[in-house]
Amino acid sequence: MTSLPRQHFDDLWAAEADPWGLESSWYEDRKRALVTAALPDAQYRRAAEPGCAGGALSVLLAPRCAELVCTDVSATAVARARGRLAGFDHVTVERTAAFPPGRFDLVVVSELAYYFGQADRDAFWARVVDALEPGGTLLAVHWIRPAPEYPVDGNRVHDELATLPGLGRVAEHREADFRLDVLARTPPAVRSVAQRVGLR
């Protein structure tokens with residue numbers, strides 16, 4: 001399957017105020033708490049969140065980042081995210097399908113990569129790995145229950161991540177509904193959270 005087109009997301013946002021229940025479900029609240037808890041560093045210099053939707057996760061990432069760059073393909077999503085993040089001068093939200101330019105020490109990919117066909121997914125991950133600074137963090141989290149309308153399922157997304165050169169796993173979390181992986185750009189060698197804060 002090819003990637004889902006921009007119109008798919010425009011239609012979702014036009015039909016519903018909260019298409020995936022991101023802002024109204026305990027499941028999503030809890031998952032966001034797990035995402036932020038899984039980040040191995042307390043603070044990041046420059047972070048990217050492609051596919052930020054309405055900014056429900058972005059607003060939790062913002063206090064942890066000196067700079068946060070959020071993107072989405074939907075004009076409605078971008079407008080909502082900009083409104084939610086208006087109080088953070090160090091956050092930008094742009095409407096684009098392209099990965100943001102520059103280097104990052106954190107990239108968060110939440111419920112996004114299964115919308116891409118194989119070629120676009122390969123190109124996306126290559127860009128992410130290239131954009132990560134040495135030792136930088138990639139956090140990926142995706143729904144893994146059946147979703148036949150998606151080009152690929154979430155399990156395959158995370159299985160692919162495990163094989164990407166230039167990344168080493170820091171942590172993984174699996175539930176019946178989703179998988180979460182934290183990876184670091186190598187070299188240098190992957191360090192645990194305890195090692196990052198000087199514990200042995």
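Residue count for the stretch 166-185, restricted to those that are in a loop (DSSP other than H, G, I, E, B) and touching a residue at least 24 places away in the same chain (Cβ under 8 Å): 3.
In this structure, residue 109 does satisfy being at pLDDT 95 or above and either within 20 Å of residue 57 (Cα to Cα) or assigned to a strand (DSSP E or B) (or both). Within the stretch 44-61, being under 26 Å from residue 194 (Cβ atoms) and touching a strand residue (DSSP E or B) at 6+ places or on another chain (Cβ under 7 Å) holds for 44, 45, 46, 47, 57, 61. Taken over the stretch 93-104, the residue count meeting the criterion of being open to solvent by 30 Å² or more (accessible area, probe 1.4 Å) and part of a strand (DSSP E or B) is 2.
Within the stretch 107-137, being open to solvent by 20 Å² or more (accessible area, probe 1.4 Å), at negative phi and in contact with a Pro (Cβ under 7 Å, 6 or more places away or on another chain) holds for 112, 116, 134.
Looking at the stretch 1-22 only, could you name the residues that are of a type in the set (Ser, Thr, Tyr) and loosely packed, with under 13 Cβ neighbours inside 10 Å?
Answer for the stretch 1-22, where residues must be of a type in the set (Ser, Thr, Tyr) and loosely packed, with under 13 Cβ neighbours inside 10 Å: just 2.
The values are calculated or read from the model by the stated rules, or taken from the named source; none is laboratory data. Computed from a predicted structure; not experimentally measured. So basically every Cβ, Gly included, is an ideal-geometry build from the backbone, and we count neighbours across all protein chains shown. Just the protein is used for accessible areas: all its heavy atoms, side chains included, with ligands, DNA and RNA removed. Shrake-Rupley method; radii C 1.70, N 1.55, O 1.52, S 1.80 Å.
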